[in-house]
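Here is the structure we will look at, set down as structure tokens.
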Amino acid sequence: MSRSWFVTGTDTGIGKTVAAVALLQALRATGLLAIGMKPLASGCEHTADGWRNDDALALIAASDPMPRYDDANPFALPAATAPQLAAREAGVAVALAPMLSAHARLTAQADMVIVEGVGGWAAPLADTLEQAELVRAIAADVVLVVGLRLGCLSHARLTARAIAADGCRLLGWVGNRVDPSFDRADAYVDLLRAALPAPCLGIVAHAPGVPAHVLARFVEIESVLPPCAQRDG
């Protein structure tokens, strides 16, 4: 089993970062060293230290040890749009090699690396680079974040099929109550448990502003922890 988990979603704005932070906190609670990574982020603000992305910063803050920003987020693109468009506007050539180099440096520091993708599973990282290529290159297992709202059953099933078709392994899924007014969320969770070919790792409550360490309470990872999640040397 992999020492890297790749967090993808049924759509953009579905709570991948919240789920990734929850996973990081849960891993750390078991005594493991866990680092978060956002290989590519579009939608960054310019600071004295360079371009910075809020999602990447949240992953870094939830990490132990805390990585260098450039390793956690090798490609920080200013425009908050599709990575292909953001890269063109910034004049940046997005490539796999820098992501792999950064990931290797992170895995040398930690027992587990949580890698957050962009948008949904089929959103490309670049014109000729799919997220699945990165997942296969780092031998990551996939955690799918399902936004609990109308339509999520179809989105989740289609995404699970696409992950398998791309030769990747779905480790589990996390439900995120993105729509607090959706009163059938519990019933949909039951349908998702029956429909998806991987276990539910937890349901994240709709709680904006909840402290990061509290998010670990929403996920259960013991059953999917790799037995080899020990530091080399």
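The values are calculated or read from the model by the stated rules, or taken from the named source; none is laboratory data. For clarity, every value in this text was computed on a predicted model and none was experimentally measured. Cβ: placed from backbone, ideal geometry, glycine included. Neighbour counts: every protein chain shown.
The table for this structure:
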item: Verdict on TRP51 being touching a strand residue (DSSP E or B) at 6+ places or on another chain (Cβ under 9 Å), aromatic (Phe, Trp, Tyr) and crowded, with 23+ Cβ neighbours inside 10 Å; result: no
item: Among the residues listed as ALA164, ALA160, ALA198, the single one being surrounded by 21 or more Cβ atoms within 10 Å (Cβ to Cβ) and either closer than 26 Å to PRO124 by Cβ or in contact with a His (Cβ under 6 Å, 6 or more places away or on another chain) (or both); result: ALA160
item: Strands (runs of 3 or more DSSP E) completely within the stretch 1-61 that count 1 or more residues being under 13 Å from the mean Cα position of the chain (by Cα); result: 4-9, 34-37, 40-42
item: The stretch 11-52, residues that are of a type outside the set (D, E, K, R) and touching a Phe, Trp or Tyr at 6+ places or on another chain (Cβ under 8 Å); result: ALA22, LEU23, PRO39, LEU40, ALA41, CYS44, GLY50
item: Boolean, ARG149 is of a type outside the set (A, V, I, L, M) and in a helix (DSSP H, G or I); result: no
item: Residue that is among the basic types (Lys, Arg), within 18 Å of ALA126 (Cα to Cα) and at pLDDT 95 or above, where the choices are ARG88, ARG68; result: ARG88
item: Filter result for the condition that a residue is out of contact with any Pro (no Cβ under 9 Å at 6 or more places or on another chain), more than 18 Å from ASN53 (Cα to Cα) and among the charged types (D, E, K, R), over ASP71, ASP141, ASP127; result: ASP127
item: Condition met for ALA102 (outside any loop (DSSP other than H, G, I, E, B), touching a strand residue (DSSP E or B) at 6+ places or on another chain (Cβ under 8 Å) and either buried (at least 19 other Cβ atoms within 10 Å of the Cβ) or at pLDDT 95 or above (or both)); result: yes
item: Contacts under 6 angstrom Cβ, first residue in the stretch 140-167 being more than 21 Å from ASP179 (Cβ to Cβ), partner buried (at least 16 other Cβ atoms within 10 Å of the Cβ) and modelled with pLDDT under 95, 6 or more apart; result: ALA140/SER2; ASP141/SER2
item: Pairs where the first residue, in the stretch 79-92, is farther than 17 Å from HIS46 by Cα and the second is assigned to a loop (DSSP other than H, G, I, E, B) and β-branched (Val, Ile, Thr), C-beta under 9 Å, 6+ apart; result: PRO83/VAL94; GLN84/VAL94
item: ALA132 being part of a loop (DSSP other than H, G, I, E, B) and either surrounded by fewer than 23 Cβ atoms within 10 Å (Cβ to Cβ) or aromatic (Phe, Trp, Tyr) (or both); result: no
item: Residues located in the stretch 215-224, provided they are in contact (Cβ under 8 Å) with a residue 40 or more places away in the chain and either exposed (fewer than 15 other Cβ atoms within 10 Å of the Cβ) or touching a strand residue (DSSP E or B) at 6+ places or on another chain (Cβ under 9 Å) (or both); result: LEU215, PHE218, VAL219, GLU220, ILE221, GLU222, VAL224
